Structures are given as structure tokens and as C-alpha cells.
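See below for the structure under consideration.
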Amino acid sequence: MRRGFLTAMLAAFLSGPVLAQAPGSIPASPSTLSRQERNFIAEALADGIAEQTLGKLAQDRAETEPVRRFARRMADDHGLKTDRLAGMALRHGIPIPREPGLSARAHMSSLRDTPEGAFDRRYMAAEEETHARAIKLYEAQAERGGETGDFARDALPMLHSHFEEARDIMADLARRPAPPQTQAPPGDAPPGTSGSSQ
């Protein structure tokens, strides 16, 4: 099953922080990609792995059905996209991350600690923001030729669809009554307030 390609590959090959070239895998031919193209693949791959991981977390933590459905779609759609990126990475000898990057891990930790009743809004706000950022990355790449440009152009409709869905769900959540305040640690301010500085 195509969806399981990356999961199976990572489970079979990864024993260190990253995979450069797995024994027995197809040897990477000398890469014809520019540094910019290689950076795009690495960044898009890290983002895709983060989206899959966050999607699985949100399926467990979400309190409303639209958010659970969205999270399931993120895990599935980004899984397919990440499989394609992983194939490109292997062909060109680009290391495949074992896990999401430091920033994404910190974000996941924050979401895991989100009080009950606040998870859906925080997750959807983050998804709206990350998809807006991803669209900019992919639109810039789509203006280029070659394999990465083709990939970016193919992926953009999906990213735009995710962004619109995230925005609609976020608007629907905003119309609902705010969840009751839970006891927060001193100095903690809800997202979007100016009560704390970063």
C-alpha cells in the first residue's frame, strides 16, 4: 500500500538521526539538483513528516468531528506527498529526517500540553498558519522547472484545499462559545493575547 511506504522505509532503515543511504537500497546517482532544489526537498520533507505526526496527535486529542476529519486528511494526504518526496530524496542522496524538526517537536509538545477544551482551536490556528507558509514555499518552487518544480505544481492544489478547509473550520470554531477557562500556570496567556511575551 503506497501510504505505508515511508513508514515501512523508516522502520526498516533508520537507526540514526538521519538516513543518508541505506544499505541495499537503490544507489543514489550523482545528483543533478541545485542546492536550492535540495533545500526545498529537505524542507518540504520535514514539513510533511511534521504534518503526519501532528495529524495523528490531533486524531487522538480533537474534541469535534470536523477537526478529527481534518486531522485524518492531513495524515493521509501528507503521507502520500511525503512518500513522493522521500523517493526523490533517496534518488538524489538527500538525508531523510527521522523525526520532525526541533521547532515542530516543540509545537507538538505545546499541543500535547494544551488544556482540554482548547486543543481544537490551537491546532486549527496552527494548521492555517503552516499551510499559508507552505503555499508560499511551494509557489516559489513551482515557478522553477525540473522535478521539484513539477512536484510543487502538483502539490499546490492540495495545499490550497487544506488551507481553505482549515480557515473554514477555524471560523466555525470561533462562532462557538469559548471553552470554560481551566486553571493555567501563572504567567500563561491564551493564544492571541498580549499577556505574555516570547
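The values are calculated or read from the model by the stated rules, or taken from the named source; none is laboratory data. This is a predicted model, so every value here is computed, not measured. Reconstructed Cβ throughout: ideal geometry from the backbone, glycine too, with neighbour counts over all protein chains shown. Surface accessibility is based on the protein's heavy atoms, side chains included, excluding ligands, DNA and RNA. Shrake-Rupley method; radii C 1.70, N 1.55, O 1.52, S 1.80 Å.
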**Message:** Contact list please: Cβ distance under 7 Å, first residue in the stretch 66-80 and basic (Lys, Arg), second residue surrounded by 15 or more Cβ atoms within 10 Å (Cβ to Cβ) and part of a helix (DSSP H, G or I), pairs at least six apart or on different chains.
**Reply:** 68/59; 72/55; 72/59
**Prompt:** Can you name every residue in the stretch 123-157 that is outside any helix (DSSP H, G or I) and surrounded by 15 or more Cβ atoms within 10 Å (Cβ to Cβ)?
**Reply:** 144
**Asked** Which condition number in (1) open to solvent by less than 70 Å² (accessible area, probe 1.4 Å); (2) modelled with pLDDT under 90; (3) not in a helix (DSSP H, G or I) is the one that residue 198 fails?
**Response** (1)
**Asked** Does residue 90 meet the test of being more than 17 Å from the chain's Cα centre (by Cα) and either open to solvent by 50 Å² or more (accessible area, probe 1.4 Å) or of a type outside the set (Gly, Ala, Ser) (or both)?
**Response** yes
**Scope the stretch 18-60; condition more than 30 Å from residue 106 (Cβ to Cβ) and modelled with pLDDT of 90 or more; matching residues** = 34
**Item:** For residue 103: the one exception among (1) of a type in the set (S, T, N, Q); (2) within 17 Å of residue 173 (Cβ to Cβ); (3) surrounded by fewer than 15 Cβ atoms within 10 Å (Cβ to Cβ)
**Value:** (2)
**Prompt:** Does residue 120 count as open to solvent by 20 Å² or more (accessible area, probe 1.4 Å) and either in a helix (DSSP H, G or I) or among the basic types (Lys, Arg) (or both)?
**Reply:** no
**Asked** Among (1) at pLDDT below 95; (2) surrounded by 20 or more Cβ atoms within 10 Å (Cβ to Cβ); (3) of a type in the set (Val, Ile, Thr), where does residue 67 come up short?
**Response** (1)
